[in-house]
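Engineer: Provided herewith is a single structure, encoded as C-alpha coordinates, for subsequent inquiry.
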Amino acid sequence: MTSLRLPIDPELIARHNASRVMALQDDYGALSRALERRGLAIDAIKARAARLELATPSWGTGTGGTRFARFPLAGEPTNLDEKLEDCSVVHELCRVTPRVSPHFPWDQMADPQAVRERAEQLGLGFDAVNSNTFQDQPGQAQSYRYGSLTHTSPAVREQAVQHNIECIELGRVLGSTALTVWIGDGTNFPGQQQFSDSLDRYLESARKIYAAIPNGWHMFIEHKLYEPAFYSSVISDWGTNILVAKELGDKAGCLIDLGHHAPSVNIEQIVARLHAFGKLGGFHFNDSKYGDDDLDSGSINPHQLFLVFNELVIAEQDRRHGFDPAYMIDQSHNVTDPVESLLSSAEAICAAFVKALMVDRHVLSDYQRCNDVLMAFRTLRDAYALDARPIVAMARYEAGGAIDPIAAFRESGWRAAKAAVRSAASTAAGIV
Ligand code: LRH
Ligand code: MN
(Lines give C-alpha, C1' and ligand atoms only; values in the text may rest on other atoms or scores of the structure.)
(Ligands and ions follow the chains in the order given, each with its own letter.)
Protein backbone atom coordinates (compact mmCIF):
# COMPACT_ATOMS: atom_id res chain seq x y z
CA MET A 1 0.00 0.00 0.00
CA THR A 2 1.45 3.43 -1.03
CA SER A 3 2.09 5.75 1.99
CA LEU A 4 -0.16 8.82 2.08
CA ARG A 5 1.51 12.21 1.42
CA LEU A 6 -1.22 14.88 1.44
CA PRO A 7 -0.38 18.32 -0.04
CA ILE A 8 -1.77 20.57 2.74
CA ASP A 9 -0.14 20.40 6.19
CA PRO A 10 -2.73 18.75 8.52
CA GLU A 11 -1.51 21.14 11.25
CA LEU A 12 -2.83 24.04 9.23
CA ILE A 13 -6.27 22.41 9.02
CA ALA A 14 -6.22 21.68 12.77
CA ARG A 15 -5.40 25.31 13.58
CA HIS A 16 -8.06 26.49 11.14
CA ASN A 17 -10.71 24.28 12.76
CA ALA A 18 -9.70 25.09 16.34
CA SER A 19 -10.83 28.71 15.89
CA ARG A 20 -14.13 27.71 14.28
CA VAL A 21 -15.41 24.57 16.00
CA MET A 22 -17.25 26.36 18.85
CA ALA A 23 -19.36 28.36 16.40
CA LEU A 24 -20.02 25.22 14.35
CA GLN A 25 -21.20 23.26 17.39
CA ASP A 26 -23.50 26.16 18.29
CA ASP A 27 -25.04 26.26 14.80
CA TYR A 28 -25.28 22.47 14.73
CA GLY A 29 -27.10 22.47 18.05
CA ALA A 30 -29.62 25.06 16.85
CA LEU A 31 -30.31 23.08 13.67
CA SER A 32 -30.61 19.90 15.71
CA ARG A 33 -33.40 21.47 17.77
CA ALA A 34 -35.19 22.76 14.65
CA LEU A 35 -35.09 19.25 13.11
CA GLU A 36 -36.17 17.63 16.38
CA ARG A 37 -39.31 19.80 16.29
CA ARG A 38 -39.97 18.18 12.89
CA GLY A 39 -39.33 14.70 14.21
CA LEU A 40 -36.05 14.41 12.29
CA ALA A 41 -32.74 13.20 13.79
CA ILE A 42 -29.80 15.40 12.75
CA ASP A 43 -27.13 12.73 13.33
CA ALA A 44 -28.87 10.29 10.97
CA ILE A 45 -28.93 12.98 8.28
CA LYS A 46 -25.28 13.82 8.94
CA ALA A 47 -24.29 10.14 8.73
CA ARG A 48 -25.98 9.79 5.31
CA ALA A 49 -24.45 13.05 4.07
CA ALA A 50 -20.99 11.89 5.19
CA ARG A 51 -21.24 8.96 2.72
CA LEU A 52 -21.75 11.22 -0.31
CA GLU A 53 -18.86 10.93 -2.78
CA LEU A 54 -18.22 13.14 -5.81
CA ALA A 55 -15.61 12.82 -8.56
CA THR A 56 -13.58 15.86 -9.59
CA PRO A 57 -12.92 16.37 -13.32
CA SER A 58 -9.18 16.42 -14.03
CA TRP A 59 -9.97 19.05 -16.66
CA GLY A 60 -11.63 21.25 -14.05
CA THR A 61 -8.36 21.91 -12.16
CA GLY A 62 -7.09 24.23 -14.87
CA THR A 63 -8.69 27.50 -15.89
CA GLY A 64 -11.27 26.98 -18.60
CA GLY A 65 -12.08 29.32 -21.43
CA THR A 66 -14.45 29.96 -24.24
CA ARG A 67 -14.00 30.19 -27.99
CA PHE A 68 -13.17 33.83 -27.42
CA ALA A 69 -10.36 33.49 -24.91
CA ARG A 70 -8.85 31.73 -21.94
CA PHE A 71 -7.09 33.65 -19.16
CA PRO A 72 -4.53 31.37 -17.45
CA LEU A 73 -3.98 31.56 -13.68
CA ALA A 74 -0.43 31.66 -12.35
CA GLY A 75 0.22 28.38 -10.57
CA GLU A 76 -2.53 26.41 -12.28
CA PRO A 77 -1.72 22.77 -13.18
CA THR A 78 0.10 22.22 -16.46
CA ASN A 79 0.39 18.42 -16.39
CA LEU A 80 -1.40 15.35 -14.97
CA ASP A 81 0.67 15.19 -11.77
CA GLU A 82 -0.13 18.81 -10.93
CA LYS A 83 -3.83 18.21 -11.71
CA LEU A 84 -3.80 15.27 -9.27
CA GLU A 85 -2.09 17.44 -6.63
CA ASP A 86 -4.87 20.03 -6.89
CA CYS A 87 -7.58 17.35 -6.80
CA SER A 88 -5.91 16.08 -3.62
CA VAL A 89 -6.02 19.57 -2.10
CA VAL A 90 -9.76 19.69 -2.85
CA HIS A 91 -10.40 16.30 -1.21
CA GLU A 92 -8.14 16.99 1.77
CA LEU A 93 -10.12 20.14 2.57
CA CYS A 94 -13.70 19.04 1.74
CA ARG A 95 -13.48 15.22 2.22
CA VAL A 96 -16.18 14.39 -0.35
CA THR A 97 -14.15 14.13 -3.59
CA PRO A 98 -12.04 10.95 -3.21
CA ARG A 99 -11.90 10.15 -6.93
CA VAL A 100 -10.76 11.90 -10.11
CA SER A 101 -12.45 11.49 -13.48
CA PRO A 102 -9.73 11.57 -16.18
CA HIS A 103 -10.16 12.58 -19.81
CA PHE A 104 -8.17 11.02 -22.66
CA PRO A 105 -6.02 12.07 -24.40
CA TRP A 106 -5.96 15.28 -22.29
CA ASP A 107 -4.56 13.11 -19.43
CA GLN A 108 -2.51 10.82 -21.68
CA MET A 109 -0.09 8.77 -19.54
CA ALA A 110 2.77 6.44 -20.40
CA ASP A 111 2.58 4.46 -17.13
CA PRO A 112 -0.99 4.21 -15.74
CA GLN A 113 0.16 1.92 -12.89
CA ALA A 114 2.60 4.62 -11.69
CA VAL A 115 -0.19 7.22 -11.99
CA ARG A 116 -2.47 5.00 -9.93
CA GLU A 117 0.17 4.73 -7.19
CA ARG A 118 0.84 8.48 -7.28
CA ALA A 119 -2.89 9.13 -6.90
CA GLU A 120 -3.07 6.70 -3.96
CA GLN A 121 -0.18 8.61 -2.34
CA LEU A 122 -2.36 11.73 -2.70
CA GLY A 123 -5.35 9.91 -1.16
CA LEU A 124 -7.18 9.63 -4.48
CA GLY A 125 -8.72 6.95 -6.72
CA PHE A 126 -10.15 7.17 -10.23
CA ASP A 127 -13.79 7.42 -11.30
CA ALA A 128 -15.25 7.13 -14.81
CA VAL A 129 -12.80 7.65 -17.68
CA ASN A 130 -13.91 9.99 -20.48
CA SER A 131 -13.16 9.39 -24.15
CA ASN A 132 -12.67 12.24 -26.61
CA THR A 133 -13.73 11.88 -30.22
CA PHE A 134 -14.78 15.53 -30.51
CA GLN A 135 -11.26 16.86 -31.29
CA ASP A 136 -8.59 15.81 -33.80
CA GLN A 137 -5.22 15.03 -32.23
CA PRO A 138 -1.93 15.85 -34.02
CA GLY A 139 -1.08 13.07 -36.49
CA GLN A 140 -4.52 11.46 -36.20
CA ALA A 141 -5.29 9.29 -39.26
CA GLN A 142 -9.00 10.08 -39.57
CA SER A 143 -10.66 13.46 -38.82
CA TYR A 144 -13.76 13.86 -36.65
CA ARG A 145 -14.79 16.96 -38.63
CA TYR A 146 -18.07 15.31 -39.70
CA GLY A 147 -18.51 13.09 -36.65
CA SER A 148 -16.97 10.14 -34.92
CA LEU A 149 -19.02 7.10 -33.82
CA THR A 150 -21.71 8.13 -36.33
CA HIS A 151 -19.43 9.24 -39.20
CA THR A 152 -20.44 7.94 -42.66
CA SER A 153 -16.93 6.51 -43.07
CA PRO A 154 -16.37 3.05 -41.46
CA ALA A 155 -12.68 3.95 -41.01
CA VAL A 156 -13.51 7.02 -38.90
CA ARG A 157 -16.05 5.07 -36.83
CA GLU A 158 -13.51 2.28 -36.26
CA GLN A 159 -10.88 4.80 -35.11
CA ALA A 160 -13.36 6.25 -32.63
CA VAL A 161 -14.36 2.81 -31.36
CA GLN A 162 -10.70 1.84 -30.87
CA HIS A 163 -10.05 5.06 -28.92
CA ASN A 164 -12.89 4.21 -26.52
CA ILE A 165 -11.48 0.69 -26.07
CA GLU A 166 -8.05 2.18 -25.30
CA CYS A 167 -9.72 4.38 -22.65
CA ILE A 168 -11.22 1.25 -21.05
CA GLU A 169 -7.77 -0.41 -20.99
CA LEU A 170 -6.23 2.63 -19.28
CA GLY A 171 -9.17 2.78 -16.87
CA ARG A 172 -8.76 -0.87 -15.87
CA VAL A 173 -5.16 -0.20 -14.72
CA LEU A 174 -6.21 3.00 -12.93
CA GLY A 175 -8.98 1.16 -11.05
CA SER A 176 -11.89 2.92 -12.78
CA THR A 177 -15.16 1.03 -13.25
CA ALA A 178 -16.88 3.13 -15.88
CA LEU A 179 -16.47 4.75 -19.30
CA THR A 180 -18.35 7.95 -20.14
CA VAL A 181 -19.09 8.40 -23.83
CA TRP A 182 -20.09 11.89 -24.94
CA ILE A 183 -19.89 12.66 -28.67
CA GLY A 184 -20.36 16.02 -30.38
CA ASP A 185 -21.71 14.28 -33.51
CA GLY A 186 -24.56 16.12 -35.24
CA THR A 187 -25.35 18.57 -38.00
CA ASN A 188 -25.41 22.31 -38.63
CA PHE A 189 -27.74 22.22 -41.62
CA PRO A 190 -31.09 20.52 -42.36
CA GLY A 191 -30.37 17.76 -44.88
CA GLN A 192 -26.73 17.40 -43.84
CA GLN A 193 -27.39 13.87 -42.49
CA GLN A 194 -30.27 11.38 -42.28
CA PHE A 195 -31.35 11.23 -38.62
CA SER A 196 -32.11 7.49 -38.51
CA ASP A 197 -28.97 6.47 -40.44
CA SER A 198 -26.85 8.51 -37.99
CA LEU A 199 -28.45 6.75 -35.02
CA ASP A 200 -28.04 3.34 -36.70
CA ARG A 201 -24.34 4.06 -37.14
CA TYR A 202 -24.13 5.20 -33.52
CA LEU A 203 -25.67 1.93 -32.30
CA GLU A 204 -23.34 -0.13 -34.50
CA SER A 205 -20.31 1.65 -32.99
CA ALA A 206 -21.65 1.74 -29.44
CA ARG A 207 -22.30 -2.01 -29.49
CA LYS A 208 -18.60 -2.58 -30.31
CA ILE A 209 -17.57 -0.39 -27.37
CA TYR A 210 -20.17 -2.05 -25.11
CA ALA A 211 -18.73 -5.48 -26.00
CA ALA A 212 -15.40 -4.31 -24.52
CA ILE A 213 -16.94 -3.10 -21.23
CA PRO A 214 -15.57 -5.40 -18.46
CA ASN A 215 -17.87 -7.08 -15.94
CA GLY A 216 -18.52 -4.84 -13.00
CA TRP A 217 -18.10 -1.76 -15.22
CA HIS A 218 -20.66 0.70 -16.55
CA MET A 219 -20.88 2.53 -19.87
CA PHE A 220 -22.39 5.98 -19.34
CA ILE A 221 -24.06 7.60 -22.34
CA GLU A 222 -24.12 11.39 -22.03
CA HIS A 223 -26.81 13.25 -24.02
CA LYS A 224 -26.55 16.91 -25.04
CA LEU A 225 -29.07 19.13 -26.86
CA TYR A 226 -26.58 21.13 -28.92
CA GLU A 227 -22.90 22.31 -29.28
CA PRO A 228 -20.70 21.74 -31.08
CA ALA A 229 -23.52 20.87 -33.51
CA PHE A 230 -26.07 23.64 -33.83
CA TYR A 231 -28.95 22.10 -35.85
CA SER A 232 -29.15 18.50 -34.53
CA SER A 233 -27.17 16.29 -32.13
CA VAL A 234 -27.30 12.50 -32.55
CA ILE A 235 -27.68 11.83 -28.78
CA SER A 236 -29.65 15.00 -28.03
CA ASP A 237 -31.92 14.16 -25.13
CA TRP A 238 -32.81 11.67 -22.40
CA GLY A 239 -35.33 9.94 -24.68
CA THR A 240 -32.73 8.97 -27.26
CA ASN A 241 -30.31 8.22 -24.45
CA ILE A 242 -32.58 5.73 -22.62
CA LEU A 243 -33.51 3.97 -25.88
CA VAL A 244 -29.83 3.55 -26.72
CA ALA A 245 -28.94 2.41 -23.18
CA LYS A 246 -31.73 -0.17 -23.27
CA GLU A 247 -30.56 -1.36 -26.70
CA LEU A 248 -27.00 -1.83 -25.41
CA GLY A 249 -27.69 -3.77 -22.23
CA ASP A 250 -27.55 -3.81 -18.42
CA LYS A 251 -24.08 -2.26 -18.15
CA ALA A 252 -25.24 0.86 -20.02
CA GLY A 253 -26.68 3.81 -18.13
CA CYS A 254 -27.70 7.38 -18.91
CA LEU A 255 -25.54 10.26 -17.68
CA ILE A 256 -27.28 13.58 -16.97
CA ASP A 257 -25.09 16.66 -17.43
CA LEU A 258 -27.21 19.42 -15.89
CA GLY A 259 -26.11 21.87 -18.60
CA HIS A 260 -27.13 19.72 -21.55
CA HIS A 261 -30.84 20.55 -21.68
CA ALA A 262 -32.94 23.30 -23.19
CA PRO A 263 -33.71 26.15 -20.75
CA SER A 264 -36.61 25.32 -18.35
CA VAL A 265 -36.51 21.57 -19.00
CA ASN A 266 -37.67 19.73 -15.85
CA ILE A 267 -34.42 17.84 -15.17
CA GLU A 268 -35.61 16.46 -11.82
CA GLN A 269 -38.42 14.64 -13.64
CA ILE A 270 -35.86 13.14 -16.04
CA VAL A 271 -34.04 11.81 -12.95
CA ALA A 272 -37.25 10.13 -11.77
CA ARG A 273 -37.95 8.66 -15.21
CA LEU A 274 -34.45 7.24 -15.73
CA HIS A 275 -34.51 5.74 -12.24
CA ALA A 276 -37.95 4.22 -12.83
CA PHE A 277 -36.57 2.32 -15.82
CA GLY A 278 -33.26 1.37 -14.18
CA LYS A 279 -31.15 3.58 -16.42
CA LEU A 280 -30.01 6.32 -14.04
CA GLY A 281 -26.24 5.98 -14.61
CA GLY A 282 -24.84 9.21 -13.23
CA PHE A 283 -24.45 12.96 -13.22
CA HIS A 284 -22.19 15.74 -14.37
CA PHE A 285 -23.00 18.48 -11.89
CA ASN A 286 -22.64 22.13 -12.91
CA ASP A 287 -24.98 25.08 -13.43
CA SER A 288 -26.08 27.26 -16.31
CA LYS A 289 -28.31 30.22 -17.19
CA TYR A 290 -28.42 29.99 -20.96
CA GLY A 291 -26.54 27.07 -22.63
CA ASP A 292 -23.93 24.54 -21.54
CA ASP A 293 -22.25 27.24 -19.49
CA ASP A 294 -20.44 24.77 -17.17
CA LEU A 295 -20.74 27.21 -14.25
CA ASP A 296 -20.24 26.25 -10.60
CA SER A 297 -22.87 23.87 -9.23
CA GLY A 298 -25.64 25.68 -7.40
CA SER A 299 -24.33 29.09 -8.43
CA ILE A 300 -27.29 30.02 -10.66
CA ASN A 301 -30.15 27.69 -9.75
CA PRO A 302 -29.57 26.05 -6.33
CA HIS A 303 -33.29 25.22 -6.11
CA GLN A 304 -33.04 23.00 -9.20
CA LEU A 305 -30.06 21.20 -7.64
CA PHE A 306 -32.20 20.67 -4.50
CA LEU A 307 -35.08 19.27 -6.59
CA VAL A 308 -32.68 16.91 -8.37
CA PHE A 309 -31.43 15.60 -5.01
CA ASN A 310 -35.01 15.41 -3.77
CA GLU A 311 -35.62 12.89 -6.58
CA LEU A 312 -32.38 11.08 -5.69
CA VAL A 313 -33.44 10.72 -2.04
CA ILE A 314 -36.83 9.37 -3.22
CA ALA A 315 -35.07 6.99 -5.64
CA GLU A 316 -32.71 5.72 -2.93
CA GLN A 317 -35.73 4.87 -0.75
CA ASP A 318 -37.57 3.27 -3.71
CA ARG A 319 -34.74 1.34 -5.33
CA ARG A 320 -36.70 -0.58 -8.01
CA HIS A 321 -33.91 -1.77 -10.42
CA GLY A 322 -31.17 -0.70 -7.99
CA PHE A 323 -29.68 2.68 -7.17
CA ASP A 324 -25.96 3.49 -7.60
CA PRO A 325 -25.61 6.66 -9.66
CA ALA A 326 -22.12 8.10 -10.22
CA TYR A 327 -21.77 11.71 -9.06
CA MET A 328 -19.20 13.75 -10.97
CA ILE A 329 -18.54 17.46 -11.31
CA ASP A 330 -18.05 18.80 -14.86
CA GLN A 331 -17.31 22.51 -14.92
CA SER A 332 -15.19 25.13 -16.67
CA HIS A 333 -13.62 27.66 -14.32
CA ASN A 334 -12.98 30.75 -16.45
CA VAL A 335 -12.69 33.55 -13.86
CA THR A 336 -12.14 31.84 -10.47
CA ASP A 337 -9.41 29.74 -8.90
CA PRO A 338 -10.40 26.22 -9.98
CA VAL A 339 -9.70 24.74 -6.53
CA GLU A 340 -11.95 27.33 -4.90
CA SER A 341 -14.71 26.69 -7.45
CA LEU A 342 -14.48 22.93 -6.90
CA LEU A 343 -14.66 23.46 -3.12
CA SER A 344 -17.61 25.84 -3.50
CA SER A 345 -19.37 23.39 -5.85
CA ALA A 346 -18.80 20.41 -3.55
CA GLU A 347 -20.32 22.48 -0.73
CA ALA A 348 -23.36 23.40 -2.86
CA ILE A 349 -23.93 19.78 -3.93
CA CYS A 350 -23.64 18.51 -0.34
CA ALA A 351 -26.02 21.24 0.86
CA ALA A 352 -28.60 20.33 -1.81
CA PHE A 353 -28.39 16.69 -0.72
CA VAL A 354 -28.74 17.56 2.99
CA LYS A 355 -31.73 19.83 2.30
CA ALA A 356 -33.36 16.90 0.45
CA LEU A 357 -32.62 14.65 3.45
CA MET A 358 -34.35 17.21 5.72
CA VAL A 359 -37.70 16.86 3.88
CA ASP A 360 -40.36 15.39 6.19
CA ARG A 361 -41.35 12.58 3.80
CA HIS A 362 -44.23 11.24 5.92
CA VAL A 363 -45.94 14.60 6.14
CA LEU A 364 -45.27 15.18 2.42
CA SER A 365 -46.86 11.94 1.27
CA ASP A 366 -49.89 12.60 3.50
CA TYR A 367 -50.45 16.00 1.83
CA GLN A 368 -49.83 14.44 -1.62
CA ARG A 369 -52.39 11.67 -0.93
CA CYS A 370 -55.10 14.12 0.10
CA ASN A 371 -54.13 16.65 -2.63
CA ASP A 372 -53.35 19.41 -0.18
CA VAL A 373 -51.32 21.07 -2.91
CA LEU A 374 -50.02 24.07 -1.04
CA MET A 375 -49.01 22.19 2.11
CA ALA A 376 -47.25 19.56 -0.03
CA PHE A 377 -45.28 22.35 -1.71
CA ARG A 378 -44.60 24.09 1.62
CA THR A 379 -43.30 20.87 3.17
CA LEU A 380 -40.65 20.70 0.44
CA ARG A 381 -39.94 24.42 0.64
CA ASP A 382 -39.59 24.23 4.44
CA ALA A 383 -36.66 21.81 4.05
CA TYR A 384 -35.14 23.94 1.30
CA ALA A 385 -35.33 26.98 3.57
CA LEU A 386 -33.39 25.25 6.37
CA ASP A 387 -29.65 25.98 6.58
CA ALA A 388 -27.82 22.77 5.64
CA ARG A 389 -24.35 24.21 6.23
CA PRO A 390 -23.91 23.10 9.90
CA ILE A 391 -24.49 19.46 8.89
CA VAL A 392 -22.22 19.70 5.82
CA ALA A 393 -19.47 21.38 7.87
CA MET A 394 -19.79 18.98 10.84
CA ALA A 395 -19.56 15.93 8.55
CA ARG A 396 -16.51 17.48 6.89
CA TYR A 397 -14.89 18.40 10.24
CA GLU A 398 -15.44 14.89 11.62
CA ALA A 399 -13.90 13.44 8.45
CA GLY A 400 -10.73 15.49 9.03
CA GLY A 401 -11.52 18.27 6.59
CA ALA A 402 -11.63 22.03 7.05
CA ILE A 403 -14.68 23.70 8.59
CA ASP A 404 -14.36 26.50 5.97
CA PRO A 405 -12.44 24.88 3.06
CA ILE A 406 -12.05 28.00 0.90
CA ALA A 407 -10.71 30.03 3.84
CA ALA A 408 -8.33 27.17 4.69
CA PHE A 409 -7.18 26.97 1.05
CA ARG A 410 -6.36 30.71 1.12
CA GLU A 411 -4.64 30.34 4.51
CA SER A 412 -2.46 27.58 2.96
CA GLY A 413 -1.04 29.93 0.29
CA TRP A 414 -1.17 26.95 -2.09
CA ARG A 415 -1.75 28.90 -5.31
CA ALA A 416 1.03 31.44 -4.69
CA ALA A 417 3.42 28.64 -3.74
CA LYS A 418 2.58 26.77 -6.95
CA ALA A 419 2.90 29.94 -9.03
CA ALA A 420 6.50 30.06 -7.91
CA VAL A 421 7.30 26.53 -9.13
CA ARG A 422 4.86 25.61 -11.91
CA SER A 423 5.50 26.70 -15.49
CA ALA A 424 3.18 29.26 -17.06
CA ALA A 425 0.11 27.71 -18.65
CA SER A 426 -0.62 28.25 -22.38
CA THR A 427 -3.14 30.90 -23.38
CA ALA A 428 -4.71 28.64 -26.04
CA ALA A 429 -8.50 29.29 -26.26
CA GLY A 430 -11.09 26.56 -25.60
CA ILE A 431 -12.59 24.96 -22.48
CA VAL A 432 -9.31 23.36 -21.28
C1 LRH B 1 -19.52 18.00 -23.13
C2 LRH B 1 -19.03 17.60 -21.75
C3 LRH B 1 -18.55 16.18 -21.66
C4 LRH B 1 -17.06 16.26 -21.52
C5 LRH B 1 -16.74 17.65 -21.85
C6 LRH B 1 -15.51 18.17 -21.18
O7 LRH B 1 -20.09 19.27 -23.09
O8 LRH B 1 -19.99 17.89 -20.81
O9 LRH B 1 -18.96 15.59 -20.48
O10 LRH B 1 -16.38 15.33 -22.21
O11 LRH B 1 -17.87 18.38 -21.48
MN1 MN C 1 -20.38 16.61 -19.15
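The values are calculated or read from the model by the stated rules, or taken from the named source; none is laboratory data. Just so it is clear, the structure is predicted and the values come from calculations on it, not from any experiment. All Cβ positions, glycine included, derive from the backbone under ideal geometry; neighbour counts span all protein chains shown. Note: areas computed on protein heavy atoms with side chains; ligands, DNA, RNA excluded. Shrake-Rupley method; radii C 1.70, N 1.55, O 1.52, S 1.80 Å.
Engineer: Can you work out the Karplus-derived ³J(HN,Hα) for every residue in the range 33-40? Use 6.51 cos²θ - 1.76 cosθ + 1.60 with θ = phi - 60°, whole Hz, and x for glycine or proline.
Structural biologist: So the Karplus estimates, Gly and Pro as x, are 5, 4, 6, 4, 4, 9, x, 10 Hz.
Engineer: At 222 nm, what helix-only mean residue ellipticity would the chain give, in deg cm²/dmol to the nearest 500, using -39500 (n - 2.57) for each DSSP H run of four or more?
Structural biologist: -14500 deg cm²/dmol
Engineer: If you find the alpha carbon centre of the range 291-334 and of the range 339-372, how far apart are they in angstrom?
Structural biologist: If we compute the Cα centre of each part, the gap is 11 Å.
Engineer: Can you give me the % of accessible surface on the range 253-307 that is carbon or sulfur? Probe 1.4 Å, all protein chains present, nothing else counted.
Structural biologist: 53
Engineer: At each listed q (0.12 Å⁻¹), what is the log10 of I(q)/I(0) that the Debye formula gives for the range 247-400 modelled as equal alpha-carbon point scatterers?
Structural biologist: Here log10 of I(q) over I(0) equals -0.56.
Engineer: I would also like to ask the following. For Lys246, list the lysines whose Cα falls under 17 Å from its own Cα; do not include residues on the same chain fewer than 8 positions away.
Structural biologist: Lys246 reaches Lys208, Lys279.
Engineer: Enumerate the lysines that Lys83 could reach by cross-link, defined here as Cα to Cα under 22 Å, with residues fewer than 8 away along the same chain left out.
Structural biologist: Correct list for Lys83: Lys418.
Engineer: Moving on. Once the cut-off is 19 Å, how many percent of the Cα-Cα pairs in the range 163-237 end up in the long-distance tail?
Structural biologist: The proportion of pairs with Cα distances above 19 Å equals 41 percent.
Engineer: A follow-up question, please. Probe radius 1.4 Å, ligands and nucleic acids ignored: give me the carbon and sulfur share of the accessible area of the range 329-373 as a rounded percent.
Structural biologist: C and S fraction of accessible area: 55 percent.
Engineer: I would also like to ask the following. Using only the alpha-carbon atoms, what does the chain span along each of its principal axes? Please give whole angstrom values in decreasing order.
Structural biologist: 65, 62, 42
Engineer: Under 1.5 on a/c is rounded, so check that first for the range 326-427, then, if it is not, pick prolate when a/b is larger than b/c and oblate when it is not; a ≥ b ≥ c are the square roots of the alpha carbon gyration tensor eigenvalues.
Structural biologist: prolate
Engineer: Can you give the accessible area per residue of the chain, in Å², using a 1.4 Å probe?
Structural biologist: Computed with neighbouring chains in place, this is 44 Å² per residue.
Engineer: Another question, if that's okay. With Rg and the Kirkwood Rh both taken from Cα atoms, where does Rg over Rh land for the range 1-139?
Structural biologist: Looking at the range 1-139, the ratio lands at 1.08.
Engineer: Provide the descending list of Cα extents for the range 257-334 along its principal axes, expressed in whole angstroms.
Structural biologist: Principal axes ranked by extent give 39, 21, 17 Å for the Cα atoms.
Engineer: Report, by chain and number, residues whose modeled amide H sits under 5 Å from the one on Thr63, excluding near sequence neighbours (fewer than 5 apart, same chain).
Structural biologist: Leu73
Engineer: What do you get for trypsin sites (Lys or Arg not before Pro) in the range 45-113 restricted to DSSP loop and a cutoff of at most 13 other Cβ within 10 Å of the site's Cβ?
Structural biologist: Those satisfying the criteria are Arg51, Arg67.
Engineer: Return, for the Cα atoms of the range 4-63, the radius of gyration and Dmax in Å, separated by a comma.
Structural biologist: 16.6, 45
Engineer: What is the Cα convex hull volume of the range 125-274 when expressed per residue in Å³?
Structural biologist: It is 120 Å³ per residue.
Engineer: Another question, if that's okay. What is the range 257-381's relative contact order, in percent, from Cα pairs under 8 angstrom and six or more apart in sequence?
Structural biologist: Computed value for the range 257-381: 26 percent relative contact order.
Engineer: What GluC sites (Glu not before Pro) in the range 345-422 are in a loop by DSSP, with at most 15 other Cβ atoms within 10 Å of the Cβ?
Structural biologist: none
Engineer: Continuing with the same structure: By the scheme Lys and Arg +1, Asp and Glu -1, what is the net charge of all other residues having a beta-carbon under 12 Å from that of Arg172?
Structural biologist: Overall, the nearby charge balance is -1.
Engineer: Let me ask you something else. Let me know the shape class of the range 96-175, please: from the alpha-carbon gyration tensor, a ≥ b ≥ c as square roots of the eigenvalues, rounded when a/c is under 1.5, otherwise prolate if a/b is greater than b/c, or oblate.
Structural biologist: It comes out prolate by the Cα gyration axes.
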